[in-house]
Amino acid sequence: EGGERSVYIIRLQAPPVAQYEGNIAGLDATSPRVTGAAKLDMSSPESVAYADYLERGRDNFIEAMNQAVGRDVNVTYEYYAALNGLAVELTAQEVLVVAGLPNVQFIEPDQVFELETNAGPDWINADAIWAGVGGMDGTFGEGVIVGVIDTGINPDHPSFADIGGDGYDHTNPWGAGVYAGVCDPGDASYD
């Protein structure tokens, strides 16, 4: 059926909510750069109205894309806040067709990047902090809660083990048996 499908990110021409400067009649600016707000308010009437406008545009684009490739394309995600676009499953030949549609700014394959953090500990002098620095006792990471935002963290990685490669047994700073996210047996994402 036309080749193997992969996920591609399609960026559409209209700016996302975070960058919209108000150049469409009836739709006020949402970009903090224009509004003067300290940060983007996605729940403001202006943001909601512009997000609805973008949704209608994406719906029209999806219809045109389906017609152009001759099938209903699987849309895996729609973006509107920081990027106006979609993640879709296409074949390499379909990408060429979709790239030529009006309002397409660019298409790129969805890629998974492996984080390379082996230089970070040297940058922050982590070995010294781990074992103690400036006459202070080393904490060996005790009391530190790691919060990861959108990096695709692997909770099975050895760096998150209770007993690390150095043999040190960490104490949960929230107390024994108190967990969150994938570590909490009561959480839907428990692993």
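A few comments on the model shown:
- Per-residue extension of 0.36 nm, minus the Cα-Cα distance of Lys39 and Asn103, leaves a gain of 20.3 nm for this segment.
- Neighbours of Arg58, meaning other residues whose beta-carbon lies under 13 angstrom from its beta-carbon, give a summed charge of -3 when Lys and Arg score +1 and Asp and Glu score -1.
- Across the range 1-63 the C-alpha pair distances fall into 5 Å bins from zero in the proportions 4, 16, 24, 19, 13, 8, 5, 4, 4, 1, 0 percent.
- As a fraction of the 1.4 Å probe accessible area of the range 1-95, surface on carbon and sulfur atoms comes out at 47 percent.
- When the alpha carbon gyration tensor of the range 7-116 is reduced to an equivalent ellipsoid, the three semi-axes, largest first, read 28, 17, 11 Å.
- Modelled spin-label separation between Ala82 and Ala180, with each label point placed 7 Å from Cα along the Cα-to-Cβ direction: 2.0 nm.
- Most to least packed among 12-24, 83-95 [average Cβ atoms within 10 Å]: 83-95, 12-24
- Extension gain, Leu27-Glu89: 0.36 nm per intervening residue step, less the Cα-Cα distance, totals 19.2 nm.
- Cα→Cβ-extended label distance, 7 Å offset, between Asp122 and Val75, nm: 4.7 nm
- Highest average first, the peptides 67-76, 42-51 ordered by how many other beta carbon atoms sit within 10 Å of their residues are 42-51, 67-76.
The values are calculated or read from the model by the stated rules, or taken from the named source; none is laboratory data. Treat the numbers as computed from the prediction; the structure is a model and nothing was measured. When we count neighbours, we look across all protein chains shown, and the Cβ atoms used for this are built from the backbone with ideal geometry, even at glycine. We work out accessible area using only protein heavy atoms, side chains counted, and drop any ligands, DNA or RNA first. Shrake-Rupley method; radii C 1.70, N 1.55, O 1.52, S 1.80 Å.
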